[in-house]
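First comes the structure, then the notes that go with it.
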Amino acid sequence: MNQTLLAVTERIRARSEASRAAYLERLERAAVNGPRRAALSCGNLAHGFAACPADDKAALKDGREVNIGIVTAYNDMLSAHQPFETFPAEIKRAAREAGAVAQVAGGVPAMCDGVTQGQTGMELSLFSREVIALATAVALSHNMFDAALYLGVCDKIVPGLVIGALSFGHLPGIFVPAGPMTSGLPNDEKAKVRQLYAEGKIGRAELLEAESKSYHGPGTCTFYGTANSNQMLMEIMGLHLPGASFVNPGTPLRSALTAAATKRATEITALGNDYTPIGRILDERAVANGIVGLLATGGSTNHTLHLVAMAAAAGHRITWQDFSELSAVVPLLARIYPNGLADVNHFQAAGGMAYLIRELRDAGLLHDDVRTVVGEGLAAYTREPGLEDGQLVWRDGATRSHDTNVLRAAAEPFSPDGGLRILHGNLGEAVIKISAVKPQHRVVEAPVRLFFDQDELTAAFKAGELERDMIAVVLFQGPKANGMPELHKLTPSLGVLQDRGYKVALVTDGRMSGASGKVPAAIHVTPEAEAGGPLARLRDGDIVRLDAERGTLEALVPAQVWAERQPITRDVSGHHSGMGRELFSIFRSNVSGAAEGATIFPFFDTARA
């Protein structure tokens with residue numbers, strides 16, 4: 001075992017000892033013998049199965065058959081979630097074949113960051129994670145279920161489902177993905193078209209045509225952003241069936257995996273001999289494995305928020321320093337856009353999760369003494385699913401990469417480290433992902449220009465005001481100010497400036513899309529400007545040095561001037577109404593800082609940043 005991995009994991013365990021023990025005590029209190037619905041009154045139970053078919057109703061009356069709750073994030077606008085339309089029927093059929101019952105316990109919202117990118121609705125995006133967690137809890141609160149299947153894929157949906165599932169940690173649970181859409185217009189070509197549009201060299205019709213060829217059918221977007229990082233995490237932490245993450249929707253193999261997840265859920269309830277509650281699976285070793293997987297694949301920076309919040313829901317305290325220390329020893333084994341030219345379908349063809357897990361496990365970079373939804377250890381996750389005569393089987397996965405431009409062995413990585421750095425300095429603490437940033441762009445020292453939203457920056461770019469070395473500081477974009485929207489809309493403009501030879505970087509207390517890449521971006525700066533953070537002490541023209549190699553973010557302002565300078569303030573009330581934002585005032589008032597997961601839930605009853 002890698003000694004840094006052991007040390008970080010032990011630090012998480014020790015730091016979380018009291019909170020994890022309290023969580024497990026709550027889990028044990030909830031985990032009573034027999035089906036939970038046995039505690040319901042006759043009237044309660046009759047309501048619970050009133051609409052069931054006769055056979056299901058009889059099974060639930062008897063009280064000894066497994067009842068699986070389906071929590072679904074289906075809607076047919078979101079391409080990644082449209083395939084879930086047919087899943088409940090498939091799951092119910094598979095449950096009956098296994099002698100069990102399945103019911104749709106409830107639905108959770110699923111918003112598309114691709115639709116809301118650069119729009120007002122994006123200010124609800126991060127908080128939708130908390131709404132999803134709450135909706136999951138409501139769905140399971142009927143107390144009718146022995147296990148749950150969670151149908152979700154995209155950015156905030158999977159983290160929200162995990163947080164909600166962990167509030168019912170005594171229930172076994174399996175996450176069931178829908179899979180990525182087939183490959184369309186290559187992601188790098190799409191990015192070039194976006195830059196041409198930003199420069200005014202093509203029109204809206206050409207841009208829309210390119211976007212439509214890239215996002216063209218059911219399934220997850222094929223770049224390696226937060227949605228596909230979610231799938232990797234669920235598999236490497238043992239909450240998917242082995243090899244389930246990146247199988248395309250609408251295929252026989254996808255359907256077979258959904259049926260197998262249903263059957264497996266019936267086998268791990270308290271009614272059988274292999275009781276596997278989800279709260280026990282997500283121990284400190286599984287959490288550390290998740291961080292390793294994120295780093296080894298160049299995954300989304302959004303998980304420096306989401307993983308912190310998910311771990312907290314199970315009683316674990318993890319910090320950005322944990323990410324940073326592991327990043328120094330975890331090699332980058334995958335290059336998937338925006339960290340390379342390949343998409344997730346190419347990653348799957350090159351060997352996929354089975355090869356990745358085999359390499360990390362053999363290199364001592366994963367804990368193997370973990371529980372998963374299929375049993376003990378990760379050996380099963382080095383195998384990949386397939387069909388033989390129409391039957392689902394698992395075969396040994398690849399022992400060598402089928403494409404070393406996409407996926408490599410731990411001994412021959414793309415980079416010796418994971419490419420995620422934590423920046424410290426007099427501007428606070430920030431996250432930067434450098435796996436897609438060329439070495440010559442990783443240190444930028446330049447005058448800053450302040451912007452208070454991304455539209456201001458876009459307007460300045462179009463007016464030709466940014467043709468120089470510059471660090472763009474977009475502030476008052478944190479969770480308290482306006483919900484911490486993604487600022488991916490800035491990427492084309494800043495990319496154009498970089499391509500013209502200017503030294504440019506972004507510094508913000510907001511987020512960037514998991515799809516962002518080549519421009520150095522110090523994001524999630526905390527404390528945020530709205531909370532009086534030092535970012536608000538900057539003035540136009542101040543020199544800032546962003547050094548991703550040394551891990552520093554500094555305003556090069558004389559110490560006495562800096563100490564005496566008062567933070568600027570901003571009236572952000574315009575972000576607090578319209579498009580439903582007025583309903584989220586309680587979220588903005590109670591949200592924690594970015595380093596604590598930007599969550600409204602008081603997992604540790606700590607003071608809010």
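Numbers at a glance
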{"read-out": "Residue that is most open to solvent (accessible area, probe 1.4 Å), among those in region 549-589 that are within 27 Å of Ser324 (Cβ to Cβ) and in a helix (DSSP H, G or I)", "value": "Ala559"}
{"read-out": "Residue selected from region 538-578 under the condition touching a Lys or Arg at 6+ places or on another chain (Cβ under 9 Å) and among the β-branched types (Val, Ile, Thr), by the criterion nearest to Met122 (Cα to Cα)", "value": "Val572"}
{"read-out": "Residue in region 74-127 that is farthest from the chain's Cα centre (by Cα), counting only those that are within 16 Å of Pro218 (Cα to Cα) and aliphatic (A, V, I, L, M)", "value": "Met77"}
{"read-out": "Test: residue in region 517-528 that is surrounded by fewer than 16 Cβ atoms within 10 Å (Cβ to Cβ) and under 21 Å from the mean Cα position of the chain (by Cα)", "value": "no"}
{"read-out": "First in region 561-590 and closer than 20 Å to Ser128 by Cβ, second anywhere and assigned to a loop (DSSP other than H, G, I, E, B), Cβ under 6 Å, 6 or more apart", "value": "Val572/Phe476; Phe587/Ile600; Asn590/Ile600"}
{"read-out": "Out of Glu189, Glu235, sole residue that is open to solvent by 40 Å² or more (accessible area, probe 1.4 Å), part of a helix (DSSP H, G or I) and touching a residue at least 12 places away in the same chain (Cβ under 8 Å)", "value": "Glu189"}
{"read-out": "Set Ala536, Ala505, Ala522: member being under 28 Å from Val308 (Cα atoms), in contact (Cβ under 8 Å) with a residue 24 or more places away in the chain and in a helix (DSSP H, G or I)", "value": "Ala536"}
{"read-out": "Hits in region 46-85 (condition: open to solvent by 70 Å² or more (accessible area, probe 1.4 Å), touching a Gly at 6+ places or on another chain (Cβ under 9 Å) and not charged (D, E, K, R))", "value": "Tyr74"}
{"read-out": "Positions within region 199-230 being surrounded by fewer than 24 Cβ atoms within 10 Å (Cβ to Cβ) and touching a residue at least 24 places away in the same chain (Cβ under 8 Å), in sequence order", "value": "Glu199, Gly200, Ala210, Lys213, Ser214, Tyr215, His216, Gly217, Pro218"}
{"read-out": "Entirely in region 410-485, the strands (runs of 3 or more DSSP E) that have 3 or more residues that are touching a residue at least 12 places away in the same chain (Cβ under 8 Å) and under 27 Å from the mean Cα position of the chain (by Cα)", "value": "420-425, 428-433, 470-474"}
{"read-out": "Top-ranked residue in region 33-43 [being over 10 Å from Asn143 (Cα atoms) and in contact (Cβ under 8 Å) with a residue 24 or more places away in the chain; ranked as surrounded by the fewest Cβ atoms within 10 Å (Cβ to Cβ)]", "value": "Asn33"}
{"read-out": "Pro180 vs. criteria open to solvent by less than 10 Å² (accessible area, probe 1.4 Å), farther than 21 Å from Phe347 by Cβ and not aliphatic (A, V, I, L, M)", "value": "no"}
{"read-out": "Breaking point among (1) free of Cβ contacts under 8 Å to residues at least 60 places away in the same chain; (2) in a strand (DSSP E or B); (3) over 30 Å from Pro172 (Cβ atoms), for Val393", "value": "(3)"}
{"read-out": "Residues satisfying the stated conditions in region 132-167, i.e. hydrophobic (A, V, I, L, M, F, W, C), outside any loop (DSSP other than H, G, I, E, B) and over 22 Å from Gly121 (Cα atoms)", "value": "Ala137, Val138, Ala139, Leu140, Ala147, Ala148, Leu149, Leu151, Val162, Ile163, Ala165, Leu166"}
{"read-out": "From the options Ser128, Ser141, residue that is free of Cβ contacts under 8 Å to residues at least 40 places away in the same chain, over 30 Å from Leu45 (Cβ atoms) and hydroxyl-bearing (Ser, Thr, Tyr)", "value": "Ser128"}
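Each row is one residue, and each column tells you yes or no for (1) more than 20 Å from Gly419 (Cα to Cα); (2) in contact with a Leu (Cβ under 6 Å, 6 or more places away or on another chain); (3) not in a loop (DSSP other than H, G, I, E, B).
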residue	(1), (2), (3)
Leu307	no, no, yes
Glu325	no, no, yes
Val329	no, no, no
Asn345	yes, no, yes
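The values are calculated or read from the model by the stated rules, or taken from the named source; none is laboratory data. Since this is a predicted model, take the numbers as computed values, not measurements. Glycine also receives a Cβ, built like all others from the backbone with ideal geometry; neighbour counts cover every protein chain displayed. We work out accessible area using only protein heavy atoms, side chains counted, and drop any ligands, DNA or RNA first. Shrake-Rupley method; radii C 1.70, N 1.55, O 1.52, S 1.80 Å.
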